[in-house]
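Student: The structure's right below; bear with me while I get my questions together.
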Amino acid sequence: MELVALRGVTRTGSEYPHKLRLSPVALRFCAFLLIAAVSLLCAAIALEGAQAQEAVTADQAALKNEQDALFQRILSNPADLDATFRHAEVSTALGDFEAAIGSLERMLFFNPNLPRVRLELGVLYFRLGSYELARAYFESAIAAPDTPAEVRAKVNAYLAEINKRLSPTQFSVFAQTGARYQTNANAGPDGALVRVFGFDATLDRQFVRQPDWNWFAQTVARHVLDLGTQGGDAWETTVAAYLSRHDRFVRLDTNLIDVQTGPRLALWPEQARGWSLRPYVGATGVHLGGDYYLSTQTAGVSVGWLPSPGWNFELGYERSRRDFNNTDDYPTAEDQTGMQDTGYFIASGPLLLGWTWYARGAISDHGARVDWQSYDQRTLDLFLSYSFTVPLLGAERQVTLLPFAGILDADYEGADALIDPDVVRKDLERRIGIGIDLQLTKEIGFAARFQQSKTESTLPNYAMENRSVYFGPTFRF
């Protein structure tokens, strides 16, 4: 009976009857179809672009004529702000940023209290590479306390990007320590009735759902080195570490370190399209319950696109070798050793009223030495973020709300005869929660997060619920 519970701890998930399961061959075939579809799409775009070139040329000629007419109108009446603003719009569409800047600065001469005009000037100077002038206009655009939230969010994204571009080397650290409470810390099943050798059995109460507290510390350090090329190529390195110490379940005490490094190479830098290619390698080491448990070696590549500051899209693939080690607490861990193939995407951007969003998803094939530890997995997570200020301790402090939701879907390749030789495990986990982050100073804050998750399964051994909350001080440098 104990072995059944230990397997539940070694890999948890949700269990429900699935209709779809992707084998490794099917996963690779899907990847082939995706590549073929992208290739056809690129060919279609190229063909359509050639056909549209003539139409674009005609549109540019019309805009040029309108620009000249507006310029003459402004010469006859410099105080005509409508004509001046339209002249800036047309000039921007033509790529004549200097002319657009001249028009917008004339508007400020007649009316200095135009924060949106200052925002547009900051964007234009940013596109010209005049980052210090862009910074000055951006900061003046949000100087007023009643600046709209969407304007403030857009400006902050540009200011962060300016800081990156003006620094040849960027180094940042985030760290948090604190306490965590879980209602199901041992990942035990909801009830005592489980399956063993295909029959119903009653699990000892010590192996069903049990609560626990733990202390934790986590940190992420990121270093970006500008390689000094015209396109802005850089070398990116990320190091993450996590430690936890449990009150009751010391077999869950975790020491983890993860390192990832590789260049980010600009694609088509002369056209400033925001595309990049990032090959990378990485390694992970895990101690669990005081014993060496897992090591992973990874190689991957991703394509990123930043259409403008605040927006980000990335599509990638990575292949990992996972080596598990048997321990006293996990005597069959080596059965999980094998290769892992993962395709993933990451996307983020602004929403209305100052909200931003972040999404990530992945499809992965986890190979193992035995088929009941091999599985295909699909994950999707969505995060929202909203920041505002509150008066606290004699000053304005920033508070960020972070609601989120996610889903994890796993199909195993074979039945575990020890549990039920006739039923293949299929899991579905749903999770939802909210986080809050309070900045007390520039470097120090406080963060808390609540999450509720529910796992359904074709096997009662893995059906479970869990509620968790963690909180503690944060440090940013």
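Student: Once the whole set of protein chains is in place, how much accessible area is left on Val117, using a 1.4 Å probe, in Å² to the nearest 10?
Tutor: It works out to around 10 Å².
Student: Across segment 131-146, in residue order, what do the Karplus-derived ³J(HN,Hα) couplings come to in whole Hz, using 6.51 cos²θ - 1.76 cosθ + 1.60 with θ = phi - 60° and x for Gly and Pro?
Tutor: 6, 5, 5, 4, 4, 4, 5, 4, 5, 6, 5, 10, 5, 6, x, 9
Student: Here's another thing I want to ask about it. Given contacts defined as C-alpha pairs under 8 Å and at least six residues apart, what's the relative contact order of the chain, whole-number percent? Display every interim value, and only then the final one.
Tutor: Numbers: 1095 pairs, mean separation 73.4, N = 477.
Worked out over the chain, it gives 15 percent.
Student: Set Lys and Arg Cβ to +1 and Asp and Glu Cβ to -1, take the dipole of the chain about its Cα centre, and tell me which of Ser140, Gly338, Leu315 lies farthest positive.
Tutor: About the Cα centre, the residue reaching furthest to the positive side is Ser140.
Student: Before I look further, what does the chain give for accessible area per residue, probe 1.4 Å, in whole square angstrom? Kindly include the intermediate steps, with their values, before the conclusion.
Tutor: Values: 25010 Å² over 477 residues.
Heavy-atom accessible area per residue stands at 52 Å².
Student: Further question on the same structure: Counting only helical runs of four or more DSSP H residues, what would the 222 nm mean residue ellipticity of the chain come to if each run contributes -39,500 (n - 2.57) and the total is spread over all its residues? It would help to have the intermediate numbers written out before the result.
Tutor: On the way: 7 runs with 132 residues, N = 477.
Per the formula, -9500 deg cm²/dmol.
Student: Counting trypsin sites (Lys or Arg not before Pro) as exposed when in a DSSP loop with at most 10 other beta carbons within 10 Å, what is the longest stretch of the chain free of them? Walk me through the numbers on the way to the answer.
Tutor: On the way: sites that count: Lys19, Lys442.
Here the longest run is 20-441.
Student: How much net charge surrounds Gly289 when only other residues with a Cβ under 9 Å from its Cβ are counted (Lys, Arg +1; Asp, Glu -1)?
Tutor: Details: positive: Arg251; negative: Asp253, Asp291, Asp328, Asp329.
In short, -3.
Student: For segment 266-389, what's the relative contact order in percent, using C-alpha pairs closer than 8 Å and at least 6 residues apart?
Tutor: Numbers: 290 pairs, mean separation 20.7, N = 124.
Answer for segment 266-389 is 17 percent.
Student: Compute the signed sum of charges (Lys and Arg +1, Asp and Glu -1) over the other residues within less than 14 Å, Cβ to Cβ, of Gly406. Don't skip to the answer; put the middle values down first.
Tutor: Values: positive: Arg360, Arg378, Arg430, Arg431, Arg449, Lys454; negative: Asp381, Asp409, Asp427, Glu429.
For residues surrounding Gly406, the net value is +2.
Student: I'd like the antiparallel share, as a percent to the nearest 5, of DSSP beta bridges with both residues in segment 157-256.
Tutor: On the way: 34 of 34 bridges.
Around 100 percent antiparallel, to the nearest 5.
Student: With +1 on each Lys and Arg Cβ and -1 on each Asp and Glu Cβ, how big is the dipole of the chain about its Cα centre, in debye rounded to the nearest 20?
Tutor: 700
Student: Can you compute the charge dipole magnitude of segment 269-381 about its Cα centre, using +1 on each Lys and Arg Cβ and -1 on each Asp and Glu Cβ, nothing else charged? Give it in debye, rounded to the nearest 20.
Tutor: Working: 8 positive and 14 negative charges, 118 e Å.
Computed about the Cα centre, the dipole is about 560 debye.
Student: Further, regarding this structure: Identify all aspartates and glutamates with a Cα-Cα distance to Lys154 below 16 Å; exclude those on the same chain that are fewer than 8 residues away in sequence.
Tutor: Glu120, Glu139, Asp146
Student: First compute the accessible area of segment 196-328 with a 1.4 Å probe, then give the percent of it belonging to carbon and sulfur atoms.
Tutor: Values: 4340 of 7230 Å².
The value for segment 196-328 is 60 percent carbon and sulfur by accessible area.
Student: Same structure again: Relative to the longest principal Cα axis of the chain, at what angle does helix 115-128 sit, 0 to 90 degrees, rounded to 10?
Tutor: Helix 115-128 sits roughly 80 degrees off the main axis of the chain.
Student: Then there's this: What is the helix-to-structure angle for 97-110, meaning the angle in degrees between its Cα long axis and the longest Cα principal axis of the chain, kept from 0 to 90 and rounded to the nearest 10?
Tutor: 70
Student: Just to confirm the filter: which chymotrypsin sites (Phe, Trp or Tyr not before Pro) across segment 92-149 are DSSP coil and have at most 11 other Cβ within 10 angstrom of their Cβ? Please list the in-between numbers first.
Tutor: On the way: sites: Phe97, Phe109, Phe110, Tyr125, Phe126, Tyr131, Tyr137, Phe138; in loops: none.
Hits after loop and neighbour filter: nothing returned.
Student: Further question: Residue by residue through segment 396-411, which ³J(HN,Hα) values in whole Hz follow from phi under the Karplus form 6.51 cos²θ - 1.76 cosθ + 1.60 (θ = phi - 60°), with glycine and proline marked x?
Tutor: For segment 396-411, the Karplus curve yields 7, 10, 7, 10, 10, 9, 9, x, 7, 8, x, 9, 9, 10, 9, 10 Hz.
Student: Ok, one more. Where a ≥ b ≥ c are the square roots of the eigenvalues of the C-alpha gyration tensor, would you call segment 80-159 rounded, which needs a/c under 1.5, or, failing that, prolate if a/b is larger than b/c, or oblate? Write out the running numbers ahead of the final one.
Tutor: Numbers: a/c = 1.92, a/b = 1.28, b/c = 1.50.
It comes out oblate by the Cα gyration axes.
Student: Can you find, among Asn156, Thr169, Gly290, the residue sitting farthest towards the positive end of the charge dipole of segment 147-295, where Lys and Arg contribute +1 and Asp and Glu -1 at Cβ?
Tutor: Of the listed residues, the answer is Asn156.
Student: Using +1 on the beta carbon of Lys and Arg, -1 on that of Asp and Glu, and nothing else charged, what's the dipole of segment 94-230 about the Cα centre, debye to 20? Before the final figure, lay out the partial values.
Tutor: Values: 14 positive and 14 negative charges, 31 e Å.
Dipole size: approximately 140 debye.
Student: I'd like the orientation of helix 24-76 relative to the chain: the angle between its Cα long axis and the longest Cα principal axis, in ° from 0 to 90, rounded to 10.
Tutor: Value to nearest ten degrees: 20.
The values are calculated or read from the model by the stated rules, or taken from the named source; none is laboratory data. Quick caveat, the model's predicted, so the values are computed rather than measured. Because the Cβ atoms are built from the backbone with ideal geometry, glycine has one as well, and the counts that use them run over all protein chains shown. For accessibility, only protein heavy atoms count, side chains too; no ligands or nucleic acids. Shrake-Rupley method; radii C 1.70, N 1.55, O 1.52, S 1.80 Å.
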